[in-house]
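Heads up: the structure comes next, in structure tokens.
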Amino acid sequence: MQACGSSRINRGFGSLRGRSAPRRGFSLLHVSTLSVLLSLMAGCVTCYRGGTQMSSDLGATLDKRVALARQYIGVGDWENTKRNLELAQEVDPNNAEVFEAFALVYQSTGEFEMAENQFRAALKAEPTLSRARNNYAAFLYSQGRYIEAEREFYRVTEGTPYNGRRMAFVNLGLCRLQLADDAGAEAAFTRALSMDRRNPVALLEMGFLRLEAGDTNEAARYHGTYRTVSPQQSPRGLLLGLEIADQTGDQDALGSYELALRNLYPDSAEYRAWMERQSR
């Protein structure tokens, strides 16, 4: 069962890593839950009951309820969103995409036990729904359950291909970094870059990994490519530049990156970590 025309979803973001910053700063590459939900529910939902496709009338009723839920999501009206999803569920009680939408709504409202129950229901109804599994993995990651999250992300990358698969590899890499599995993380980021050689997060994390492995030239190469795809560098990107300049003794670059980090991101964890390191 698949949503007609619905886009596949990624989740997550930049992170803190490297010798001068703690590993535990990672969060996943994602769009906001609101955007996830709007994308998830943008198309029609194919409906099945008892293994038989529903009539067009029932399908139209389900689509209407999903469309109304989508409107309420757009204005952050979670109660009316839930009400319309409940009515959609009356039409098709075992619709995996409705379960997934419920899960994301509950995650948005901080009802985490309910969110997990709905994610599990979605995957029980349709185990091959990779987007739901990816979002469930991101949920587990957000709860600090990295071992479980890594397992689910791995299943996404090994499962039926979907549009967000390359980002699932990035998320798998970030998850493995939390588990101190640098070799596994590097393998995941390499796979992500084989599908999207301009992915900024994979480039950045490969830069840090290569730097930590003592391969400054490769770290600089990854950082250089990262700079071409992300002209407006993140604090983490500037931190990698600082680390490389420090290793190579390039005082001009060191001063330039430090100035940029101080001026652009004075309150960032990266800047604080760098300054603490300099004061030792």
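Nothing in this text is a laboratory measurement; each read-out follows from the coordinates by a stated rule. Note that the structure is predicted; figures quoted are calculated from it, not measured. Quick reminder, even Gly has a Cβ in these numbers, built from the backbone with ideal geometry, and neighbours come from all protein chains shown.
Residue exposure proxy: Leu264, Leu239, ordered by other Cβ atoms within 10 angstrom of their Cβ from fewest to most, comes out as Leu264, Leu239. This ranking places Leu242, Leu259, Leu211, Leu172 by how few other beta-carbon atoms lie within 10 Å of each, fewest first, which gives Leu259, Leu211, Leu242, Leu172. In this rough spin-label picture, where each label sits 7 Å from Cα along the Cβ direction, the Arg120-Thr248 distance is 5.1 nm.
P(r) tail for region 180-247: Cα pairs beyond 20 Å make up 20% of the total. Order these by the 10 Å Cβ neighbour count, fewest first: Phe139, Phe153. With the fewest neighbours first, Phe139, Phe153 line up as Phe139, Phe153. One chain, two ends: Asn263 and Asn163. Fully extended at 0.36 nm per residue, the span grows by 32.2 nm beyond their Cα-Cα distance. As a calculated quantity, the FRET efficiency between Asp215 and Arg151 at R0 = 25 Å, using C-beta atoms, amounts to about 0.25. In this simple spin-label model, placing a label point 7 Å from the Cα along the Cα-to-Cβ direction at both Ser230 and Glu79 gives a separation of 4.1 nm. Computed on region 96-192, with alpha-carbon pairs under 8 angstrom and 6+ residues apart, the relative contact order is 19 percent. In order along region 67-84, phi translates into HN-Hα couplings of 5, 5, 4, 4, 4, 5, 4, x, 10, x, 8, 5, 5, 5, 4, 4, 4, 6 Hz, rounded to whole numbers, per the Karplus curve 6.51 cos²θ - 1.76 cosθ + 1.60 with θ = phi - 60° and x for Gly and Pro. Using C-alpha pairs below 8 Å separated by at least 6 residues, the relative contact order for region 197-280 is 23 percent.
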